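Worksheet: the structure to be examined is printed underneath.
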Amino acid sequence: MKKKQLEMILEEVRGFSAPDVRKEQYVTPAPIAAELLHFAYMQGDLSGTVFDLGCGTGTLAIGAKLLGAEKVIGVDVDMRALHIARANAERLGVDIEFICCDVKDFTVCRCREGVSPSVIMNPPFGAQIKGSDRPFLRKALEIGEVVYSLHNVGSGNFISKFIHPHAIITHQIAIDFPIKRTFKFHKKDIEIVNVELYRLERRK
């Protein structure tokens, strides 16, 4: 599937009905999701089991399954968001397992030998609660061999130190992230936020 085709399908994913500012519940825009997912696909990282941590209403999880992931598991603490995610997945014809759980408490049995699990995620940036992205990074590297994650621009030094010595940054890509007016403090209909996509790889 071409990236533009994937983007068009992901435009159909319904967003949050009542987004929680403390959880930084912003919908991952379809162009950004397609960029992340297509890049992961081209690296060969979406063939086995894929975890979407903080999956929200399922955009990344659905996209991973559409690109051929064998099994996709979406994890989120918000049951209301997961109800929407399940409806989105059903409407788009993909089979995804959604689990209501705080990422800190999520556990998983190691995948069968020869299959390297991947993690895709758009975690909280820490704008509302400082350090809220750390549990996501910690859990991602606990369960995944490869991690794709979106963060505020300029996070490279922090991430490198945080994941050392267990993992390394293999790719760092700048992306313009359009956030639609979601909360009362937003002054513009669309705010462009500079973010970076990181590919992390756990050391053998």
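Quick rundown of the values:
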| read-out | value |
| --- | --- |
| Relative packing of peptides 157-168, 56-67 - highest average C-beta neighbours within 10 Å first | 56-67, 157-168 |
| Packing-based exposure ordering (other Cβ within 10 Å, fewest first) of Met42, Met121 | Met42, Met121 |
| Estimated FRET transfer efficiency (Arg203, Ala18; beta-carbon r; R0 35 Å; 0.05) | 0.30 |
| Most to least packed among 33-40, 98-105, 135-142 [average Cβ atoms within 10 Å] | 33-40, 135-142, 98-105 |
| ³J(HN,Hα), Karplus 6.51/-1.76/1.60, whole Hz, each residue of the stretch 10-18, x for Gly, Pro | 5, 4, 7, 6, 6, x, 5, 7, 9 |
| Label-to-label distance, nm, for residues given as His164 and Arg91 (7 Å Cα→Cβ offset) | 4.6 nm |
| Residues with amide H under 5 Å from that of His171, placed H, sequence gap 5 or more | Arg199 |
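Read the figures in this text as sums done on the coordinates, not as results from a lab. If you're wondering where the values come from, they're calculated on a predicted model, not measured in any experiment. Ideal geometry is used to build each Cβ from the backbone, glycine not excepted, and the neighbour counts take in all protein chains shown.
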